[in-house]
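Below you'll find the structure, written out as structure tokens, and then a few comments.
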Amino acid sequence: MTMTDRRTPPPVKPFEFRALPPEEVTQLDNGMTVHLYNGGDQPVSSMSLLFPGGTCDCANPVVPQLFAALAAEGSRHYSGEQIADILDFNGTRFNGKCHQHYTGFEMITLNGRVDAVLPMISDIVCCQTFDERAVENARLQMKSRLLTDMAKVSYLADKGLSEILCGKNHPAAFSPTPAGIDATDGSELSEFHKRHNSTQGAHAFIAGKLDDSLRAHYLDFLENLRLDGAGIVQDFRAFTPESVTEVTENLSGSLQSAIAMGIPTIERTHPDYIPLRLTVMALGGYFGSRLMANIREEKGYTYGIYAYLAGSREGSSIHISAQCDNRYTRAVTDEIYAEVRRMRDNPPQGQELERLKFHAASSLAEVLDSPLSIMNYHSTALIVDMPDGYFEAQQRAIASLTPDIIAEMTGRYLMGETMRSVIVGDISKM
């Protein structure tokens, strides 16, 4: 019997180019757009419904958040307890979803249980109710989480940076307050439901092992949804970043400080966007990144430091975040600037560049794991307005990434714009 040589690592092969499986798109007579993907070998399917109108489109952004939280808490013909029993008995997961410009529902179930749960889902979507006790419980839970977050330096730093990068009065920079949560009542939720429920501009994403019968069943369910709301107009407006470069907030007694740094940058449609995303990944987007290797592994200033590029319909920004002992705060910010300079002058190459490319490619390959993850990518593409062919463009950018490209992106976008920073901690100990 041949023994496995465990001293020799197996050969590593590059990822082959893989196209994102296309979705089938159907326009229903009621105005809803349906996205379908048939795949996989397990008898499971998912359905996500997205209706225009989210936190950025409402005068009171707390309303769509509470609306989503109450998705399984009662409808015209089903109490919250009955909904919970039906979901549990049929092995179905169902919950509300809230985004900046869409609010809706998500269901994952066994194909053999679709008939048993769809009538209830229809009643929730069309006739959701807002029992006073359920609303009060949802408010208390939301306020409890908020009060916990407000005591964290990381939350306060991220909140402050969002206000700077988006613009203090931009809807995307909104943060709820305990008083605002308390003031939101069932009548506001009912009014939102009344306006929100319209099939015009709505999207449904269905994925899984879909035979012709199940596909037709889902389409019939969606076509027969009785939604006559006026609809909510989505309020897209460009970010207007503040000119301030640094804000320091004192939180006496805090054991750590939080550092949140960011740069307004190019939109996702710009040809440099994907190379810039890979450059930010090299800086702090994975465990082997420059910031991790220096500030965490070598100097031990922080347990973790991360950088990423965030893109939305309204604008894009580079983010860098970390927490550390108050004493190391300035040392961490100094090293962040130093690592940016080093990456421009000495970009990743050799094994470091290969590790970066493998990480980027493997992260992208995770999208293809299952029909549900594939359709989740398609729904995310709608939410953040990804351009057509974005998945394949990322693979091409990974394959063609060079040290010169990383150096150029660093000099142009990480050093060519003013870094904004928010630091929250015990100033007396910094």
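The values are calculated or read from the model by the stated rules, or taken from the named source; none is laboratory data. The structure presented is a predicted model; accordingly, all values stated were derived computationally and were not measured. Note that we place each Cβ from the backbone using ideal geometry, even for glycine, and neighbour counts take in every protein chain shown. For accessibility, only protein heavy atoms count, side chains too; no ligands or nucleic acids. Shrake-Rupley method; radii C 1.70, N 1.55, O 1.52, S 1.80 Å.
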Item to check | Charge-dipole axis of the chain as Lys and Arg at +1 and Asp and Glu at -1 on Cβ define it, positive-most pick from SER257, HIS217, LEU189 | outcome: SER257
Checklist outcome for this item: Using the Kirkwood radius over Cα pairs of region 272-430, the Stokes-Einstein translational diffusion coefficient at 4 °C and 1.567 mPa s, in µm²/s and rounded to a whole number, is 77 µm²/s
Checklist entry - Roughly how many Å² is the accessible area per residue of the chain, as a whole number, for a 1.4 Å probe? => result 49 Å²
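Please compute the volume of the convex hull spanned by the alpha-carbon atoms of region 44-119 and report it per residue in Å³.
Hull volume normalised by residue count: 84 Å³.
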Next on the checklist: Report, in listed order, any pair from LYS209/LYS357; LYS168/LYS194; LYS97/LYS194; LYS299/LYS357; LYS168/LYS429 with a Cα-Cα distance greater than 22 Å.
Outcome noted: LYS209/LYS357; LYS168/LYS194; LYS299/LYS357; LYS168/LYS429
Checklist entry - Using the Cα gyration tensor of region 156-204, with a ≥ b ≥ c the square roots of its eigenvalues, what is the shape: rounded (a/c below 1.5), prolate (a/b larger than b/c) or oblate (neither)? => result oblate
Checklist outcome for this item: Treating only Lys and Arg (+1) and Asp and Glu (-1) as charged, each at its beta carbon, one finds that the chain has a dipole about its Cα centre, in Debye to the nearest 20, of 1200 debye
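Compute the orientation-averaged projected area for region 1-87 from the convex hull of its Cα atoms and round it to one decimal in nm².
14.1 nm²
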Next on the checklist: Restricting to Cα atoms and excluding each atom paired with itself, what does the Kirkwood estimate give for region 203-332 in Å?
Outcome noted: 19.0 Å
Checklist outcome for this item: Restricted to the chain, the DSSP antiparallel beta bridge percent, nearest 5, is 80 percent
Checklist entry - Which semi-axes, in whole Å and largest first, does the equivalent ellipsoid of region 321-408 have when worked out from the alpha carbon gyration tensor as the square roots of 5 times its eigenvalues? => result 31, 20, 13
Checklist entry - Starting at 0 and stepping by 5 Å, how many percent of the alpha carbon pairs of region 184-238 end up in each bin? => result 4, 15, 18, 16, 15, 13, 10, 6, 2
Checklist entry - Between region 357-389 and region 214-244, how many Å separate their Cα centres? => result 21 Å
Checklist entry - Under unit Cβ charges (Lys, Arg +1; Asp, Glu -1), what dipole magnitude, rounded to 20 debye, does region 73-142 have relative to its Cα centre? => result 220 debye
Checklist entry - Between region 129-177 and region 191-210, what is the C-alpha centre distance in whole Å? => result 25 Å
Next on the checklist: Over the Cα atoms of region 152-273, what radius of gyration and what Dmax do you get, in Å?
Outcome noted: 21.6, 63
Checklist entry - Once the Cα atoms of helix 212-223 and of the chain are each reduced to a long axis, what angle between those two axes, in degrees from 0 to 90 to the nearest 10, is obtained? => result 80 degrees
Item to check | Cα-derived Rg over Rh, computed across the chain with Rh taken as Kirkwood radius | outcome: 1.00
Checklist entry - What do you reckon, how do LEU110, LEU414, LEU382 stack up by accessible area (1.4 Å probe), largest on top? => result LEU110, LEU382, LEU414
Next on the checklist: If you fit an axis through the alpha-carbon atoms of helix 153-166 and take the longest principal axis of the Cα set of the chain, what angle between them do you get, 0 to 90°, nearest 10?
Outcome noted: 80 degrees
Next on the checklist: Place a point 7 Å from Cα of ASP334 in the direction of its Cβ. Which residues in region 295-325 have their backbone N less than 17 Å from it?
Outcome noted: 295-296, 298-302, 324-325
Next on the checklist: Suppose we keep just the alpha-carbon trace of region 131-171; what are its Rg and Dmax in angstrom?
Outcome noted: 13.8, 38
Next on the checklist: Between 0 and 90 degrees, rounded to the nearest ten: what's the tilt of helix 114-127 against the longest Cα principal axis of the chain?
Outcome noted: 90 degrees
Next on the checklist: If I model region 98-139 as equal point scatterers sitting on the Cα atoms and use the Debye formula, what is log10 I(q)/I(0) at q = 0.24, 0.25, 0.30 Å⁻¹?
Outcome noted: -0.97, -0.98, -1.02
Next on the checklist: With a 1.4 Å probe and all protein chains left in place, how much of the accessible area of region 1-72 comes from carbon and sulfur atoms, in whole percent?
Outcome noted: 55 percent
Checklist entry - Taking a probe of 1.4 angstrom, what is the accessible area of THR240 in Å², to the nearest 10? => result 90 Å²
